[in-house]
Amino acid sequence: MPRKKLYRVDLEPARGLSILMVFGFHLLSIIIGYQNLPWDGWFRRLHFDIGWSMVPFVPLTLGWHGVAIFFAISGYCIQLSWLQSECGWFNYGIRRFARLFPTYFLWLMVFSLACWFLPTAFQMSCDLPQFLSHLLLVHNWSSSTLWGINPSFWSIAVEVQLYALLPILVFLVSRYGWGKALFVTALLEIVFRLPWDWILDADMSAYLGGVNVYGVTFAYWFSWSIGAWVASRQYAGASQPLAKVPLFIAIVFVLVCWFIRPLSGFSFLAASFATSVYLSKKLQEAESGNATSPNVTLKMSSLWCRALSIMGVCSYSLYLLHQPLMIVIHDLLLQDLKIHSAFKMMIHFGVVLPVFTGVAYLSYQYIEKPSALWGRKMTV
């Protein structure tokens, strides 16, 4: 029998860290023109082509893994919410729609209108096929629409499609158990994450009718499902096997995959695994600690973590708005400044990011939060 009350992990600092990583990753492409360290044979160089002065910003090239943190946390939260609510698939769909779509639609309209009426400033592609594919959240399947309107929107489409795959995951688990279900999702993700372009020295989208391999939903199914597995074990009152894995080893595994070219496609999967290890350890700490109430929330007390928590609360809205606005601000205000790239990076982190966080918090408070509450009221 599941427990009536469950310990909960404060996930806002982790969400804040993930959006900070993504922000830095996208900032690199704007300031220096690319996001990843260049390859030198089978391994990455540990500095940018523009010189050693940007070495302090090298960790930002790992920012892509912030999305992996998002996905693992999402799998955990959605699975736990589903198990606790027992609301049925129809009500589940309404709640997920209310949680994600209104805020997404707001920023989709903002950037679509900006592309149409301010094409000089907002130079993203936004014709009718682009808009419709984004409205229907299927733009991740085609290379021609994957990065249109707002390049960050690709993962929202993947996230929604992962929600739609939850009934299939539940069926696999009920029929074959979690072990075989995770094996299937892992196998699919590994197949799609093999560095096919490098192995075949060709653009794989040309062989797949324009489908971008890294936009395919199945390339993220295990990264999402492993978080769901952690939630299921918590709900059932079972032990957390991943809690036995040293977090340091899990992080080193991410770095090894990122650094070695044949393994680079698996660093995302490794990051979601490391996130699930972190979740499992936090849950185990709650179970074995001195908490007096099963409803205790595990919080991190430092000032740094409190700042991350603030960003984590509005991380969804911040993710939706940051990239196009970041590009416009750089192009209009910072690009022609005769200052070092490192100073431009610091301006973005010290000034632009706090402003974006304030705007994102307003979006969370007046759009995201009310729509989520509406979804819950509709399905009580």
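Just a few scattered comments:
Conditions tested, residue by residue: (1) closer than 13 Å to L321 by Cα; (2) touching a residue at least 24 places away in the same chain (Cβ under 8 Å).
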{"position": "H340", "(1), (2)": "no, yes"}
{"position": "I347", "(1), (2)": "no, no"}
{"position": "V352", "(1), (2)": "yes, yes"}
{"position": "V359", "(1), (2)": "yes, yes"}
{"position": "S371", "(1), (2)": "no, yes"}
{"position": "R376", "(1), (2)": "no, yes"}
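- Segments classed as helices (runs of 4 or more DSSP H), wholly inside the stretch 278-380, with at least 3 members that are at pLDDT below 95 and surrounded by 13 or more Cβ atoms within 10 Å (Cβ to Cβ): 303-313, 315-329, 341-347, 369-378
Residue-by-condition table, conditions (1) touching a Cys at 6+ places or on another chain (Cβ under 6 Å); (2) under 23 Å from G16 (Cβ atoms); (3) hydrophobic (A, V, I, L, M, F, W, C):
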site: H65; (1), (2), (3): no, yes, no
site: S85; (1), (2), (3): no, no, no
site: R96; (1), (2), (3): no, yes, no
site: C126; (1), (2), (3): yes, no, yes
site: L137; (1), (2), (3): no, no, yes
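- Among the candidates L188, L162, residue that is of a type outside the set (K, R), at pLDDT 95 or above and assigned to a helix (DSSP H, G or I): L162
- Cβ pairs under 8 Å, 6+ apart, first in the stretch 247-264 and more than 15 Å from W64 (Cα to Cα) and exposed (fewer than 14 other Cβ atoms within 10 Å of the Cβ), second aromatic (F, W, Y) and at pLDDT below 95: P262/W42; P262/W198
- Residue in the stretch 120-127 that is in contact with a helix residue (DSSP H, G or I) (Cβ under 7 Å, 6 or more places away or on another chain), buried (at least 18 other Cβ atoms within 10 Å of the Cβ) and without any contact (Cβ under 8 Å) to a residue 40 or more places away in the chain present: yes
- Among (1) in contact with a Phe, Trp or Tyr (Cβ under 9 Å, 6 or more places away or on another chain); (2) modelled with pLDDT under 95; (3) buried (at least 16 other Cβ atoms within 10 Å of the Cβ) - the single one G75 does not satisfy: (2)
- Cβ pairs under 6 Å, 6+ apart, first in the stretch 86-107 and under 26 Å from A360 (Cα atoms), second outside any helix (DSSP H, G or I): I94/T379; R95/T379
- Inter-residue pairs, beta-carbon under 7 Å, first touching a residue at least 12 places away in the same chain (Cβ under 8 Å) and on the phi < 0 side of the Ramachandran plot and in the stretch 26-42, second surrounded by 15 or more Cβ atoms within 10 Å (Cβ to Cβ) and of a type in the set (G, A, S), 6+ apart: I31/S341; I32/S341; Q35/S29
- Candidate set: the stretch 269-289, residues that are hydrophobic (A, V, I, L, M, F, W, C) and over 21 Å from W64 (Cβ atoms); chosen: the one nearest to the chain's Cα centre (by Cα): L283
- Residues that are assigned to a helix (DSSP H, G or I), aliphatic (A, V, I, L, M) and either within 30 Å of S143 (Cβ to Cβ) or within 16 Å of the chain's Cα centre (by Cα) (or both) within the stretch 214-268 comprise A219, I226, A228, V254, L255, V256, L263, listed in sequence order.
- Residue list for the stretch 153-169, filter: surrounded by fewer than 20 Cβ atoms within 10 Å (Cβ to Cβ) and in contact with a Phe, Trp or Tyr (Cβ under 7 Å, 6 or more places away or on another chain): L165, P167
- Only one of L136, L100, L162, L83 that is over 29 Å from D331 (Cα atoms) and touching a Pro at 6+ places or on another chain (Cβ under 9 Å): L83
The values are calculated or read from the model by the stated rules, or taken from the named source; none is laboratory data. Just so it is clear, the structure is predicted and the values come from calculations on it, not from any experiment. So basically every Cβ, Gly included, is an ideal-geometry build from the backbone, and we count neighbours across all protein chains shown.
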